[in-house]
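**Q** Sending over a structure as structure tokens; questions will come in a sec.
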Amino acid sequence: MKYTIEFRETAREDMKEIPRNFVDSITRKIFAMENGMPGSVKALRDMDYGFRLRLGHYRILFDVQDAKIIIHRVLHRRHAYASKTGEKKRKSQH
């Protein structure tokens, strides 16, 4: 199945805080999902997002609606599951 990719503003903001060399890899991995979802995609339960794509220490949190993949958040793994909404922890909370 061919998908279209849509980024939410929160995902764009998240990617501004990630080192450039990781952003390039993340972007390539996201756009590779246009041709189907790879094996590192997992359905999530009890979260605001339906799926996650794993790439090293980063997690791409997204939903699928018909033939559209909506990227909501791109977070380091320690933040991705911190709360249902992917809200970042403060340094003192680690």
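**Q** Restricting to region 40-75, and then to whatever is closer than 20 Å to Glu17 by Cα and free of Cβ contacts under 8 Å to residues at least 24 places away in the same chain, can you tell me which residue is surrounded by the most Cβ atoms within 10 Å (Cβ to Cβ)? Let's see the steps before the verdict.
**A** Of all residues in region 40-75, those closer than 20 Å to Glu17 by Cα come to 52-62, 70-75.
Pick out the ones that are also free of Cβ contacts under 8 Å to residues at least 24 places away in the same chain and you get 54, 57, 59, 62.
On the way: Arg54: 16, His57: 11, Arg59: 24, Phe62: 27.
Looking at residues that are closer than 20 Å to Glu17 by Cα and free of Cβ contacts under 8 Å to residues at least 24 places away in the same chain, I get Phe62.
**Q** Can you list the helices (runs of 4 or more DSSP H) found entirely within the chain that contain at least 1 residues being of a type in the set (Gly, Ala, Ser) and at pLDDT below 95?
**A** Numbers: elements: 9-16, 20-32, 77-80.
Correct list: 20-32, 77-80.
**Q** Still on this model: If you go through region 23-44, how many residues are within 16 Å of Arg77 (Cα to Cα) and over 13 Å from the mean Cα position of the chain (by Cα)?
**A** The number of residues fulfilling the criteria is 0.
**Q** Now for a separate question. Quick check on Met33: is it out of contact with any strand residue (DSSP E or B) (no Cβ under 7 Å at 6 or more places or on another chain) and surrounded by 12 or more Cβ atoms within 10 Å (Cβ to Cβ)?
**A** Answer is no for this residue.
The values are calculated or read from the model by the stated rules, or taken from the named source; none is laboratory data. Since this is a predicted model, take the numbers as computed values, not measurements. All Cβ positions, even for glycine, are placed from backbone atoms using ideal geometry, and neighbour counts span all protein chains on display.
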